[in-house]
1. Which one, Leu193, Trp385, Val598, is farthest towards the positive end of the dipole of the chain when Lys and Arg carry +1 and Asp and Glu -1 on their Cβ?
2. Taking the Cα atoms only, what angle lies between the long axis of helix 86-97 and the longest principal axis of the chain, rounded to 10 degrees?
3. Using a 1.4 Å probe and ignoring any ligands, DNA or RNA, find the accessible area of Cys295 and quote it in Å² to the nearest 10.
4. For Lys45, list the aspartates and glutamates whose Cα falls under 12 Å from its own Cα; do not include residues on the same chain fewer than 8 positions away.
5. In Å, what Kirkwood hydrodynamic radius results for the stretch 35-176 from the alpha-carbon pair distances?
6. May I ask you to list the lysines whose Cα is less than 26 Å away from that of Lys460, ignoring any residue fewer than eight positions away on the same chain?
7. Going by accessible area, probe 1.4 Å, with all protein chains left in place, what is the ranking of Glu377, Glu334, largest first?
8. Can you sort Asp390, Asp284 by solvent-accessible area, 1.4 Å probe, largest first?
Amino acid sequence: MDTSLRGTTFSRRSVLAAAGGLVTGAAVGRSAFATPAAADPASRKGYVDVQVVSITDLHGYLQPPAPTDGGLITGAGGVTLQVGGVGYLAAQLKRLREGRVNSIFCSAGDNFSGWPYYVDSQNNEPTIEALNAMGLQFSSVGNHELDKGPEFLIKHMEHGVPYPAVGIDDSFIDSTGARFHGADFRYYSGNVLYKDSGKAIVPPYNVEWVTAPNGRRWPIGFIHLTVFGAEGADPTLGFNCSFQPTLTTMDEIETANRYAAELKRRNVNALAIVMHEGGYAGTDYNSGTSPTGPCFDIAHAVSPDIGAIITGHWHCRFNMMVPDPNGLPRPVVEAGYYGQVINEIQLALDPDTGEIVRELTLSTNHAVTHDLPVDEELQDIADYWTGQSDKLYATALARQTGDFTRIPNPDGESTLGNLVADFMVWDTLQSKQGHAELALCPAHPIVGAAALRGDLPYAKGTNPMDEDGLILFGEAWTAYGYDSPVVSVSITGDTLHQALEQQWQTQPDGSVKYGPLAVSAGVSYRYDTSKPVGQRVAPSDVTINGKPLDLGRRYRVAANSYTIEGRDGFPALMAFTDPVRHSLDHEGFIRYVRERRVLSPAPLGRAGSLTAVPAFAGPPYLPDQLPSDALSGPAIAPGQRC
């Protein structure tokens, strides 16, 4: 490389010295440029200008999120801004990319497997249509892109192969009148592997070519990483929605360094990381203070050949320069979630070598504010799918002969809890393996989120298409689930007994809380609240399909992955083996209701007290004390990994 910066009076050595002086300040987010020269347009003359714009964790939020659900962000001085919505996102992208010869648009993952009902209920296909229309070029695999497994990601979401039922579960008609054809972009990850073969599920990196003077073209290599533990096979690391016991993840730093070296051997001299792993660095969306989290550990350790690090997963917003192992700053950025922010990194490549001139790197987080007119094409796409989801909601699925509610009787049993537990066993029987003998569903967990989210009353609701005894698609979708897979596992009878005992838990103040487990048909147990916590269910008072509980025998049990990972207060169930993944909760339940055609509440009595004192010594829950009905998934706080 030349010994002076082209088009400037700065010598290379003086600029490097300036960079060294900025390392400490940059590391705490006081600067979004590597050196002062990076912010001087004259200093960039003679170099190949490359713009990389990125988003992360869109999660299918095509419409602007509510202010309480990520629709407001904080800028410098505590100023709040209303943000989000693909109509505004597309408008801001066009403004940023206009006139740029070398502009690359990518994502750090979790684009789909979104929580809004209007995309979730339509297999997240609306999100892919929107990203296609915006011109997304490539994406890292996020943990939620694995919610239905690598086959679904690759065959359906990338390539449009129907999976499984056209027009019912997927391959809906899009806003153009065509069937879903998949993504116009590709997914990448270097560290998510098939456990049996050790092969990566998708390619580990991609190479994009940019135009240089005199007809030359230079490659930029993007190395992709997914959060360690994304497969969820290890309950201490995993993410319940992505529970994929056939996959494994490799160390991010080792993976990044390996592929950086491979790309350098291929004469790719400009390198960046795009990874679904992040951190936290304060609340100002275009700065960063007191950085913490895995992405910063990775940034300090990975090869100095890597010139920029784009992150995600933590639902945070920051824009920083962080020193590499040699002390030179490089951007480490995260662009929030739900379409709040677009990050823009401006790279300068040496026209003779294709290397990133690190001293001239500039990075900015742009808020997706609503001060520009919406992009009409993208807003039409969002509105079309919202309208289609309303029609889907009103589709008749089945009939019912009585109420299915979450309101428990004095023993903690409810008609909806029993229905869902019975569904779980049925769901495992639709698979070739992993058939369950019984199911457990925390009906009102002491910790974590309740999977029972809404009632199915016999009386008609407010939807104009509803009538007495009719179950609509949207009602069934709302009643149960939050995109967690049903899994079947093997546990001992002793473990099952421990789980039944863990329905009663002593709190720090000495009080005892009761979090009842719904059990499937064929399971019966009796309890004694006069006994100490941990001794309230005698094994002799538990029967499974008419036979006494055998503490030494292994039973095949169905539950949500959230439950067997110990996330809703039943740590005994973490002692499972041989997990088999089945349907996602919403989708499997819809199929169950549709195929049953007529549902009747099962008689209560699967649980019962041996004394005159039931589990609920006071009155049962009232409807307003139960978890609120919701059409979207659990709220995610900024800084909470998801």
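1. Leu193
2. 20 degrees
3. 0 Å²
4. Of all the aspartates and glutamates, those that pass the test against Lys45 - Cα under 12 Å, at least 8 places apart if same chain - are Asp350.
5. 17.2 Å
6. Excluding near neighbours in sequence, the set is Lys391.
7. My answer, sorted largest first, is Glu377, Glu334.
8. Accessible-area ranking of Asp390, Asp284, largest first: Asp390, Asp284.
The values are calculated or read from the model by the stated rules, or taken from the named source; none is laboratory data. Predicted, not measured: the structure shown is a model, and the values here were computed from it. Cβ coordinates were reconstructed from backbone atoms using ideal geometry, including for glycine residues, and neighbour counts include every protein chain displayed. Just so you know, the surface numbers come from the protein's heavy atoms only, side chains and all, with ligands and any DNA or RNA stripped out. Shrake-Rupley method; radii C 1.70, N 1.55, O 1.52, S 1.80 Å.
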